[in-house]
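Colleague: This structure is in C-alpha cells; I'll ask about it shortly.
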Amino acid sequence: MYLIPKSEIEIGKIKFYGENSGINSVEIDTSVKELTQKAKIVMPLNFKDKEGKKVTEVLHTGDKVVIRLGYGNEIAEEFKGYVSKIGVATPLVIECEDASFVFKRQEPINKSWKSCTLEEILRYVFKGWEVESAQVNLPSGFIIKNATPYEVIRGLKETYGFAVKIEQDNKTIKCFWAYDHKGFEKHTYVFGTKKDDGKEKLKRRELSPNVVKNDLNFVKKEDLKLQVTAIAKGKNGKQIKTTIGSKDNDATKRTLHLSGEVKDEKDLKARAEIELKKHSFDGYEGKITGFGIPKVMAADTIKIIDVDNEQREGEYLVESVKVKYSVSGGFRRECKLSYKI
C-alpha cells in the first residue's frame, strides 16, 4: 500500500497543513558532530496567507517553528526551534535553528570553579533544564568569562569533543562522548533481495525491506585507513596530544578527547591504541537511505539486516541524518553511519 507523505508546519501564528499548504520542501540536518540542529523550509515567494498577506509580511526572525512529518495518520514531530533567517529570493527559503538560537542570545555568564564536573557546569549554565552527561571530572577547574550558554557548550564541545543533544520538549541537555556511545534509540534497516532463499529468510524472520538506497561500502578492518588523534589532560593540567594509526593522506581522521588524566604521552598512546581497535572493524561505512519511518535521528543506532550477506549484519552508530520531504519527492532519511557497535 502506498502512503502519501504528510506535513504539518507551524511558523509563528501561521499553520501550513496538507498537500495545499504551499510548502515545496523541507530539509532537516542533525549530527553528533554539530552543536546546532537546523531545518530549511522552501515555499513560493508569492505565497499568501488566508488574509491575503505575503509570507514575508507575517513571518519574522525568532518566530517559533514546529515541523511534523509522516504518512497518513501517522505523523511525528521532527523539529522544534526558531526562524533564524528569511530569504528574499525565489523560491523563499526559511532557515531555522533549534534551541541554540535562544542560547546564543541569552545574557553572558561569568563564573569559575577550582574543580568541578561536567554535570555541575551544565546545571549552572542551563538552569531549569534537565542534564544528562558523561561522568567527567575537571580537577584543574573551569572558567566562564562573559560567555553566552551557547558559547559555553560550544567551547566544551570543541575542547573535549563532546556530542550534544538538545531536547526542547522535555527541556533536556544530553552531553556525551561522540565515539563512546551506544545510541539513544535502535532501528532496523532491512536490505531487499532477488534470491528465492533470501526471500524465504525474510519471510521466516517476518521482515520487510525498507532500504530505499545505499551508498555503503563493506570494509575489512585490515583495509580500513584510520588515523586517531587522542587528546587528554596531564596531571599538571596541561594538554597532551598523540596521533596513531594510518599515515596515508586519504586516511579517515578522528579526534578523540579522552576523559580523566593521563601520566604522560606514553600512557595516552596506550589508551589511544584501545580506541583505535574499537573503531577498526569489519563492516559498512557510508550512507544508507530509508523511508521517513522509522524515525532515525543522529546518535541513534541502526541495525542492518542483509540476508544475502549475513556476515555483514551489525549495529552502527548514526553520525548524522538528513531528512528530506516534498510532496513530489516523498519522505526520506539519509543516514551516515559511524562506527560499528
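Colleague: What strands (runs of 3 or more DSSP E), lying completely within the stretch 49-143, carry at least 2 residues that are over 25 Å from the mean Cα position of the chain (by Cα)? Break it down stepwise before answering.
Modeller: Values: elements: 64-71, 74-86, 92-97, 109-113, 130-133.
Passing ranges, in order: 109-113.
Colleague: Go through Ser140, Ser100 for me and flag whichever is in contact (Cβ under 8 Å) with a residue 40 or more places away in the chain, buried (at least 19 other Cβ atoms within 10 Å of the Cβ) and of a type in the set (S, T, N, Q).
Modeller: Within the list Ser140, Ser100, the selection yields Ser100.
Colleague: With the checklist (1) closer than 25 Å to Gly234 by Cβ; (2) in a strand (DSSP E or B) in hand, flag the one item Val152 doesn't pass.
Modeller: It is condition (2) that Val152 fails.
Colleague: Looking only at the stretch 23-40, how many residues end up being within 12 Å of the chain's Cα centre (by Cα) and not in a loop (DSSP other than H, G, I, E, B)?
Modeller: Counting residues in the stretch 23-40 that are within 12 Å of the chain's Cα centre (by Cα) and not in a loop (DSSP other than H, G, I, E, B) gives 5.
Colleague: When the residues of the stretch 21-70 are filtered to those that are among the small types (Gly, Ala, Ser) and loosely packed, with under 15 Cβ neighbours inside 10 Å, which remaining residue is modelled with the highest pLDDT?
Modeller: Applying the first criterion (among the small types (Gly, Ala, Ser)) to the stretch 21-70 yields 21-22, 25, 31, 39, 52, 62, 70.
Imposing the further condition that a residue be loosely packed, with under 15 Cβ neighbours inside 10 Å reduces the set to 52, 62.
Working: Gly52: 70, Gly62: 96.
Checked the stretch 21-70; the qualifying residue modelled with the highest pLDDT is Gly62.
Colleague: For the subset of the stretch 262-286 comprising residues that are in a strand (DSSP E or B) and among the small types (Gly, Ala, Ser), which member is nearest to Glu222 (Cα to Cα)?
Modeller: Gly283
Colleague: Within the stretch 214-233, is there a residue that is among the charged types (D, E, K, R), open to solvent by 90 Å² or more (accessible area, probe 1.4 Å), in contact (Cβ under 8 Å) with a residue 24 or more places away in the chain and over 30 Å from Lys247 (Cβ atoms)?
Modeller: Among the residues of the stretch 214-233, not one is among the charged types (D, E, K, R), open to solvent by 90 Å² or more (accessible area, probe 1.4 Å), in contact (Cβ under 8 Å) with a residue 24 or more places away in the chain and over 30 Å from Lys247 (Cβ atoms), which makes the answer no.
Colleague: So which of Ser338, Ser259 is within 21 Å of the chain's Cα centre (by Cα) and either among the aromatic types (Phe, Trp, Tyr) or at pLDDT below 85 (or both)?
Modeller: Ser338
Colleague: Can you name the residue in the stretch 164-201 that is open to solvent by 20 Å² or more (accessible area, probe 1.4 Å) and of a type in the set (S, T, N, Q) and, of all such residues, is modelled with the lowest pLDDT?
Modeller: That would be Gln168.
Colleague: Just name the residue that is farthest from Asn73 (Cα to Cα) out of those in the stretch 7-20 that are assigned to a strand (DSSP E or B) and at pLDDT 90 or above. Please lay out each step first, then the result.
Modeller: Filtering the stretch 7-20 down to residues assigned to a strand (DSSP E or B) leaves 7-11, 14-17.
Restricting the remaining residues to those that are at pLDDT 90 or above gives 7-11.
Working: Ser7: 11, Glu8: 11, Ile9: 15, Glu10: 18, Ile11: 21 Å.
Here the residue is Ile11.
Colleague: Can you run down the residue pairs with Cβ atoms below 9 Å, 6 or more apart or on separate chains, where the first is in the stretch 174-186 and more than 20 Å from Glu130 (Cβ to Cβ) and the partner is modelled with pLDDT under 65?
Modeller: Final answer for the pair search is Asp180/Ser259.
Colleague: So, in the stretch 108-119, of the ones that are modelled with pLDDT under 95 and within 22 Å of Thr36 (Cα to Cα), which residue ends up surrounded by the most Cβ atoms within 10 Å (Cβ to Cβ)?
Modeller: Filtering first and then ranking leaves Leu118.
The values are calculated or read from the model by the stated rules, or taken from the named source; none is laboratory data. Not measured: the values here are computed from a predicted model. Don't worry about glycine lacking a Cβ; one is built from the backbone with ideal geometry, like all the others, and counts go over all protein chains shown. Note: accessible area is taken over every heavy atom of the protein model, side chains too, but ligands, DNA and RNA are not part of it. Shrake-Rupley method; radii C 1.70, N 1.55, O 1.52, S 1.80 Å.
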